[in-house]
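Beneath this line is the structure, given in structure tokens, with notes to follow.
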Amino acid sequence: MISRRSFFTSISALLVGGRALHAATQGSPGGDPEAPADRLSIPEAVQSRPAVVEGDNNGIIQTVEHKLKCTCGCNLDIFTCRTTDFTCTVSPALHRQVVALHENGATPDQIIDAFVTEYGEEILMAPPPEGFNLAGYLVPGLAITAAGTLLAAILMRRQAAAPVPAPVLTGAANVSAEDQARLERALSEVVD
Amino acid sequence: MTLLGEFALWMALLAGLWGAVVGFSGAWRTRPELASSTIRSVYATCAALLVASIALWQGLITHDFNIEYVASYTSRNLPDSYVVTAFWAGQKGSLLFWATVLSVFAALAQALTSRRHKELMPTVAAVTGAVVVFFVATMLFAANPFDRLGFTPADGNGLNPQLQNPGMVIHPPMLYLGYISITIPFAFGIAALLSRRLDSGWIVAIRKWTLLSWLFLSVGITLGMWWAYVELGWGGYWAWDPVENASLLPWLTMTAFLHSVMIQEKRGMLKRWNLGLIFGTFMLSIFGTFITRSGVIASVHSFAQSNVGYFFLAFLVLAGVFGFTLLYTRWPQLEPEAQLESVASREAAFLFNNLIFVGIAFSVLWGTLFPILTEAVRGVKITVGPPFFNRVNVPLGLLLLALTGIGPLIAWRKSSLANLRRQFIFPVLLGLVTASVLFGMGMREGSAVLALGLIGFVAGTILQEFYRGVRARIRMHGESFPVALGLLINRNRRRYGGYLVHAGILIYFAAFVGSSFKITQEATLAPGEFTEIRSPFGHVYRLTHLGVSQYTALNRIVSAATLQVEIDGKAAGIVSSEKRQHVDSFNRKTFEPSTEVGIRSTLREDLYVVYAGSIGGTERANYAVTVNPLVWWLWFGGGVLVLGGLITMWPGGGRTAVRSGLTRTQGATVEPAVEEAVPV
Amino acid sequence: MWAEMLAAVVVALVMLWLIFQPLLSPATTAAEWIEPEDPDETPRGIALLALKELDLDRETGKLSDEDYRMLQSRYAAEALQALRNEEEETADSQIEALIAGQRARPSPADLPSGHLVCPTCGPRPEADACFCSGCGVVLVQDKACAFCGTAVVPGQKFCGGCGNAIKTSGAPLPV
């Protein structure tokens, strides 16, 4: 293990160190005179991303994007996908589409409508509460309400039908002195 | 050692079959040696599966890449701890892990169950044996972890970077422990029904094991949230993902059971319902595995998918039909011993609590399956994401929260009005004060104010319960305050441990409310540039990009982007987020670069920084910065919950143990008093 | 390879022994249970703890006095019932232990004739002992009183018929 690790480290040290040495002699980081001054030594180890623009932090756009699903198959909304899955190329494209619509003066509802027209209902994170989808929203609540009402009704009826409580001391009155003593002895042995 | 491993699997299959066949046949009832043999088969299965596990571990540790499983999930340069935990990184290993842990639990259940339940044990052995047989058969016929490749690759594929996280070392086993241990209460339930011994005894054995599963599952779910939070990088911990839902479902029904079992113990009611809950919980845990494994429903957590899922579906149907048919045939013997007497009683409160728990479970299940349903009905696979689940479940959650506060305040059987007034006045006041203070401080989000007000109310309940209990002890026994508090908890572990669990849940809810105030912002920064983000608490973070440093570690090239943090102008340290490009031992890239989140956690809020990528391969960096209020409290609430659970299940109360021998003489040690002479 | 196959054979043998050993020697009793019964989970313990809890509930003001009396009398009845059951069980188990003890003692018929029988400890394994190896009583003596012929049992020091002392002799007792 150790030998493998040190071998690997030395290889990479050679690579990185080699570059640094190279850079130092050339006087320009990265060695390539055309490259930007702050170029990473191993740029391919990091995903490249377009720079953040004003619209990216717009609260309205974020809200809209939380309601729309990314179509790459990740099951996430556009906002979450583009800020989490940096390998996805779909969500940045969808994001640009949202930004474009927003900049053209579309309201959030209009943006969502435009997406539904283009991609179908599947684009929504939560189905619109209409038609069969209503079942999705209402069935659990209705089931619980129905069961609860039924339960309460049964309880009420039982309570009403229950006989007047028997005199409370009937049980205790039957306890003989011997039993009473026995019970008290047992109780006194219970750790308090 | 694949030969030994596979052989051990076959042996486990045979031993499990023997136990299941003999145990279910009932022949042991008249032949004690068969009962003994059935129980021994559990230990034998456990031994065989431990041997198989050791064989797989040996393959992993020695990097035997000729084994398909080893080649698929590890590589030579994978850190040692992940090589060991790659055991459950993939499907085949998970199955072996599951079967092994189940057999260990089954053996423990046999060894640790009180002799009072002796006549249940062979049937318990039969049920656990049958479940083990299912898992082993799935492995042997569909997903054998000991399969060999036709050639030996020079190096393995390596482990998915998202699984290379300490959370992943401990989270899946905990979750599995929770899922798996549900089998034991299920087995006890089946055994009680089969033996027709339906008095109150079996419920004790079931409750203890259910509490254990519940604790494992709670820890597993919390660790899963932690893993998602620190590893997935979207700044949240719960996304109503199908796999997350699948772990929540059995937790909900088990929690319902742990409440309603109290009514059964105290009043002899709800026996059928409780057995139904246990069977349902077991089925939901198998359903969870089916969801995770089948890929029927897309999920971010599904790391292993195959047709094995359908084995689970078949098993699920089989177990359900068997369990519920058995329940139906024993229906008359499970007659309740008492009737509910009042709507304003704790029994009724527990009934409504069960209704809400099962209702939430149903609504989560409904939402999880809704895409399949719409596809069947309308031909469109509709997504139901977090907005849907929140809309449906948040009201139910708040209702449950209210019941958490109401339940403990109501007495058994019947509460009078004066009684109710005396109990409710302090908690309700505390809830109202909490809500109005928050409103006064400018919080205008209705549901958040309502939720925090309810949290205040429930906290009031818990405080009042502890306070009054301590005061009662001081009055009754004249103890000092700390002694009274300690003894109060120690003498009533289930009650006050339960209240601590409530407190833990309360803290979770507070953290959930906090998360609804989460703020996310993106920024592109060159070294030296800064961005500012305003916390929901009002202060401003100034984040200055210090630069990106790149270095190599054991199996990866790390690019660490660092931000200097200032809060309202005061220096507050640095936060680093990393991109990790994993490489194999030939220095070739494996997987896409993964992200390590940088988190600066305080009691008030987390600063959550993600290095999203570089601008054209330069040190200019894209950051996604999230300010996440109250997240720390989630992990703290988890700790409180575990503490409460441990207190509840801590063994050896023994308060009623016979001490003086006055009330009971020990039958077993009595010598025959009369001796007759032997005829000569 | 060979080591692996050897290990497989060992595993198989251990498992076979584990499972089938009880069938080969049916006399073995069931496995030992590690956990002793929790006294708090017996009907007696549950009822007694419920009574204690009632006291606490009343003290914390969660029960009206009426409900307290009602519940108290019910749990008291349950506790008494459990106490009675337990005493019966104890008595039952004492009787069972007695019977079992008698059964476990090998009956004289099981032993080859010529063995000596001690009145306290039962048949003795030693055929030619003069005293019981268990309690020290004299084992070998005449079957009948030498004076009046009344039958005597081993251990008897004086004849029940005439009061003369019983003589011991060297002959083993036929049983």
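The values are calculated or read from the model by the stated rules, or taken from the named source; none is laboratory data. Bear in mind the structure is a predicted one, so any value in this text is a computation, not a measurement. Note: ideal-geometry Cβ built from the backbone for every residue, glycine included; neighbour counts use all protein chains shown. In case anyone asks, the SASA skips ligands and DNA or RNA and just uses the protein heavy atoms, side chains included. Shrake-Rupley method; radii C 1.70, N 1.55, O 1.52, S 1.80 Å.
Computed over the Cα atoms of region B:1-164, the ratio of the radius of gyration to the Kirkwood radius (Rg/Rh) comes to 1.08.
Accessible surface for region B:6-127, divided over its residues, is 30 Å² per residue with a 1.4 Å probe. Once the Kirkwood radius over Cα pairs is known for region B:389-467, the Stokes-Einstein relation at 20 °C and 1.002 mPa s delivers a diffusion coefficient of 161 µm²/s. How much of the accessible area of chain B, in percent, comes from carbon and sulfur atoms when a 1.4 Å probe is used? Ligands and nucleic acids excluded, carbon and sulfur reach 66 percent. Phi angles of region B:504-513 translate, via the Karplus equation with coefficients 6.51, -1.76, 1.60 and θ = phi - 60°, into HN-Hα couplings of x, 4, 4, 5, 4, 4, 4, 5, 4, 4 Hz per residue; Gly and Pro are given as x. Comparing B:A12, B:A52, B:L78 along the charge dipole axis of region B:1-164, the residue lying farthest to the positive side is B:A12, per the Cβ-charge model. For B:R148, the amide hydrogen comes within under 5 Å of the amide hydrogens of B:E68, counting only partners 5 or more places away or on other chains and with H modelled in the peptide plane. Extending 7 Å from the Cα toward the beta-carbon at both B:Q333 and A:A146 defines two label points whose distance is 3.3 nm.
State log₁₀ I(q)/I(0) for chain B at q = 0.11, 0.12 Å⁻¹ as given by the Debye formula over alpha-carbon point scatterers of equal weight, solvent excluded. One equal scatterer on each Cα of chain B leads to -1.27, -1.42. Charged neighbours of B:Q564, selected by a Cβ distance under 15 Å, balance to -2 (K, R count +1; D, E count -1).
Rounded to the nearest 20 debye, what is the charge dipole size of region A:56-123 about its Cα centre when +1 sits on each Lys and Arg Cβ and -1 on each Asp and Glu Cβ? List each step's numbers first, then the result.
Working: 4 positive and 10 negative charges, 35 e Å.
Taking the Cα centre of region A:56-123 as origin, the dipole is about 160 debye.
Take every residue in peptide B:579-589, count the Cβ atoms of other chains within 10 Å of its Cβ, and give the average of those counts. Walk me through the intermediate numbers first.
Values: counts 4, 2, 5, 1, 3, 0, 3, 0, 4, 0, 2.
Averaged over the peptide's residues, the number is 2.
Applied to region B:521-534, the Karplus parametrisation 6.51 cos²θ - 1.76 cosθ + 1.60 on θ = phi - 60° returns per-residue 3J(HN,Hα) values of 9, 10, 8, 10, 10, 8, x, x, 7, 9, 10, 10, 9, 9 Hz, with x for Gly and Pro. Summing +1 for each Lys or Arg and -1 for each Asp or Glu among the other residues whose beta-carbon sits under 12 angstrom from that of B:R330 gives +3. Treating each Cα of region B:519-633 as an identical point scatterer and summing with the Debye formula, the log10 of I(q)/I(0) at q = 0.21 Å⁻¹ comes to -1.09. The simple spin-label model puts a point 7 Å past each Cα toward its Cβ; for B:K570 and B:L420 those points are separated by 4.9 nm. Calculated mean residue ellipticity, 222 nm, chain B: -20500 deg cm²/dmol, from DSSP H runs (n ≥ 4) at -39500 (n - 2.57) each, averaged per residue and rounded to 500. Residue-wise HN-Hα couplings along region B:394-400, as the Karplus relation 6.51 cos²θ - 1.76 cosθ + 1.60 with θ = phi - 60° gives them from phi, are 4, x, 5, x, 5, 4, 4 Hz; Gly and Pro carry x. Summed over both chains, the area buried between C and A is near 1300 Å², taken from the accessible surface of protein heavy atoms with a 1.4 Å probe.
Take the accessible area of chain B alone and of chain C alone, subtract that of the pair, and you get about 6100 Å² summed over both chains, using a 1.4 Å probe. Amide H contacts for A:D38 (H built 1.01 Å from N in the peptide plane; partners 5 or more residues away or on another chain; cut-off under 5 Å): B:E619. In this Cβ point-charge picture (+1 for Lys and Arg, -1 for Asp and Glu), chain B has a dipole of about 2160 debye about its Cα centre.
Give me the log10 of I(q) over I(0) for region B:222-377 at q = 0.13 Å⁻¹, as the Debye formula computes it from C-alpha points; what are the numbers? Result of the Debye calculation: -0.72. Between amide H atoms placed 1.01 Å from N, distances below 5 Å from A:M125 occur with A:L68, A:K69, all of them 5 or more places distant or on a separate chain.
Once you average over the residues of A:129-136, how many Cβ atoms of partner chains fall within 10 Å of each Cβ? Let's see the in-between values first.
Numbers: counts 2, 0, 2, 7, 7, 0, 5, 11.
Mean partner shielding for this stretch: 4.
Positive contributions from Lys and Arg (+1) and negative ones from Asp and Glu (-1), summed over other residues with Cβ under 14 Å from the Cβ of B:G644, come out at +2. Cross-link candidates for B:K208: which aspartates and glutamates have Cα within less than 16 Å, leaving aside residues fewer than 8 places away along the same chain? Excluding near neighbours in sequence, the set is B:E265, C:E35, C:E37, C:D38, C:D40, C:E41. Can you give the FRET efficiency for B:F141 and B:N587, using 1/(1 + (r/R0)^6), R0 = 41 Å, r = Cβ-Cβ distance, to the nearest 0.05? The formula returns an efficiency of 0.55 here.
Could you tell me which of the pairs B:K518/B:K570; B:K92/B:K271; B:K271/C:K62 are separated by over 28 angstrom between their Cα atoms in the structure shown? Walk me through the numbers on the way to the answer.
Numbers: B:K518/B:K570 22 Å; B:K92/B:K271 38 Å; B:K271/C:K62 26 Å.
From B:K518/B:K570; B:K92/B:K271; B:K271/C:K62, over 28 Å: B:K92/B:K271.
Roughly how crowded by other chains is peptide C:75-87, in terms of the mean Cβ count from those chains within 10 Å of each of its Cβ atoms? Kindly include the intermediate steps, with their values, before the conclusion.
Values: counts 3, 8, 6, 1, 6, 8, 0, 1, 7, 2, 0, 5, 4.
Mean number of neighbouring Cβ atoms from other chains: 4.
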